1. What number goes with the only condition from (1) surrounded by 12 or more Cβ atoms within 10 Å (Cβ to Cβ); (2) modelled with pLDDT of 95 or more; (3) more than 30 Å from Leu100 (Cα to Cα) that Met55 does not pass?
2. Taking only region 26-46 into account, find how many residues are surrounded by 15 or more Cβ atoms within 10 Å (Cβ to Cβ) and not aliphatic (A, V, I, L, M).
3. For Val68, work out the one condition from (1) out of contact with any Phe, Trp or Tyr (no Cβ under 9 Å at 6 or more places or on another chain); (2) at pLDDT 95 or above; (3) over 30 Å from Lys16 (Cα atoms) it doesn't fulfil.
Amino acid sequence: MLEIPIEKTSMLQLEKAANERGDTPTMLVERIIRRFLREEAQRKMQREIEAFVAMHSKLREQYPDAYVAVHQGNVVDHDTNELELYKRIEEKYPHDVVLLRQVLPEAEKVYTFRSPKVEYA
């Protein structure tokens with residue numbers, strides 16, 4: 001287990017915040033860390049999506065209709081079988097953010113939502 005020293009002032013504020021929420025300082029720190037890690041994963045995934053879009057025309061030539069795995073802005077694997085690709089990526093990058101996406105004619109799917117029209121009599 002890793003021990004991380006925390007300044008006294010920060011620890012006092014943390015204890016106060018935890019007590020106000022009905023938590024222990026450990027539970028509150030765990031929640032904070034998990035939120036940070038989730039936000040980091042989302043930020044990394046957005047970068048992988050941007051890399052995929054930037055590479056799309058080249059990917060379309062190399063891997064039409066196949067699935068690609070993008071990690072740190074590079075294609076690290078590909079397969080026509082999504083499940084097989086997923087298994088390999090889980091084995092090679094168990095705790096990393098990796099985008100798995102099929103190389104379709106369009107880089108991104110476009111969804112159109114029709115909003116309801118409200119009419120008053």
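The values are calculated or read from the model by the stated rules, or taken from the named source; none is laboratory data. Please read all numbers here as calculations on a predicted model, not as lab measurements. Note that we place each Cβ from the backbone using ideal geometry, even for glycine, and neighbour counts take in every protein chain shown.
1. Tallying (1) surrounded by 12 or more Cβ atoms within 10 Å (Cβ to Cβ); (2) modelled with pLDDT of 95 or more; (3) more than 30 Å from Leu100 (Cα to Cα), Met55 fails exactly one: (3).
2. 1
3. Going through the list (1) out of contact with any Phe, Trp or Tyr (no Cβ under 9 Å at 6 or more places or on another chain); (2) at pLDDT 95 or above; (3) over 30 Å from Lys16 (Cα atoms), Val68 breaks only (1).
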